[in-house]
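Beneath this line is the structure, given in structure tokens, with notes to follow.
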Amino acid sequence: MAKEGDFTACLVSPKGDYVYAVAEDHRLYCFNVATGKVDHVMEISEKDVIGLAHHPKQNIIATFGVDCQLKLWKP
């Protein structure tokens with residue numbers, strides 16, 4: 001789980017297989033719904049992340065934060 005603080009934003013993948021959550025430690029956590037375990041962790045920013053969105057048909061996630069950057073990820 002997040003080493004520092006709380007989760008600030010989360011979403012469920014379109015098929016419902018994964019939950020993606022951004023934490024105060026600036027990392028994106030990918031939880032497998034079936035197992036309840038973390039499948040992947042990615043450092044996504046040096047500054048606070050405000051939110052995220054998932055493409056409806058492809059495995060692409062967009063994150064945006066206080067650094068005014070929109071980043072696309074393929075976890």
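Quickly run through the stretch 38-62 and pick out the residues that are in a strand (DSSP E or B), without any contact (Cβ under 8 Å) to a residue 24 or more places away in the chain and open to solvent by less than 90 Å² (accessible area, probe 1.4 Å). Once the filter is applied, which keeps residues that are in a strand (DSSP E or B), without any contact (Cβ under 8 Å) to a residue 24 or more places away in the chain and open to solvent by less than 90 Å² (accessible area, probe 1.4 Å), the stretch 38-62 yields Asp39, Val41, Ala62. Filtering the stretch 4-51 to residues that are under 24 Å from Gln69 (Cα atoms) and charged (D, E, K, R) leaves Glu4, Asp6, Glu24, Asp25, Arg27, Glu43, Glu46, Lys47, Asp48. Residues that are under 11 Å from Val49 (Cα atoms) and in a strand (DSSP E or B) were ranked within the stretch 63-74; the one that is most open to solvent (accessible area, probe 1.4 Å) is Leu70. Return yes or no: is Ala34 open to solvent by 50 Å² or more (accessible area, probe 1.4 Å), among the hydrophobic types (A, V, I, L, M, F, W, C) and touching an Asp or Glu at 6+ places or on another chain (Cβ under 9 Å)? Judged against the criteria, Ala34 is a match. Condition check: assigned to a strand (DSSP E or B) and either open to solvent by 90 Å² or more (accessible area, probe 1.4 Å) or in contact (Cβ under 8 Å) with a residue 60 or more places away in the chain (or both). Does Leu11 satisfy that? No. Against the conditions (1) loosely packed, with under 12 Cβ neighbours inside 10 Å; (2) modelled with pLDDT under 90; (3) on the phi < 0 side of the Ramachandran plot; (4) not polar (S, T, N, Q), Gly5 satisfies every one except (3). If you go through the stretch 21-31 and keep only what is open to solvent by less than 60 Å² (accessible area, probe 1.4 Å) and assigned to a strand (DSSP E or B), you end up with Ala21, Val22, Ala23, Leu28, Tyr29, Cys30, Phe31. Taking every residue in the stretch 63-75 that is under 14 Å from Glu43 (Cβ atoms) and pairing it with any residue that is open to solvent by 60 Å² or more (accessible area, probe 1.4 Å) and assigned to a loop (DSSP other than H, G, I, E, B), at least 6 positions away or on another chain, the pairs with Cβ-Cβ distances below 8 Å are Gly65/Lys47; Gly65/Asp48; Asp67/Glu46; Asp67/Lys47; Pro75/Asn59.
The values are calculated or read from the model by the stated rules, or taken from the named source; none is laboratory data. As the structure is a computational prediction, the values presented were derived from the model and not from experiment. Cβ atoms come from the backbone with ideal geometry, glycine included; neighbour counts cover every protein chain shown. Accessible surface areas use protein heavy atoms only, side chains included; no ligands, DNA or RNA. Shrake-Rupley method; radii C 1.70, N 1.55, O 1.52, S 1.80 Å.
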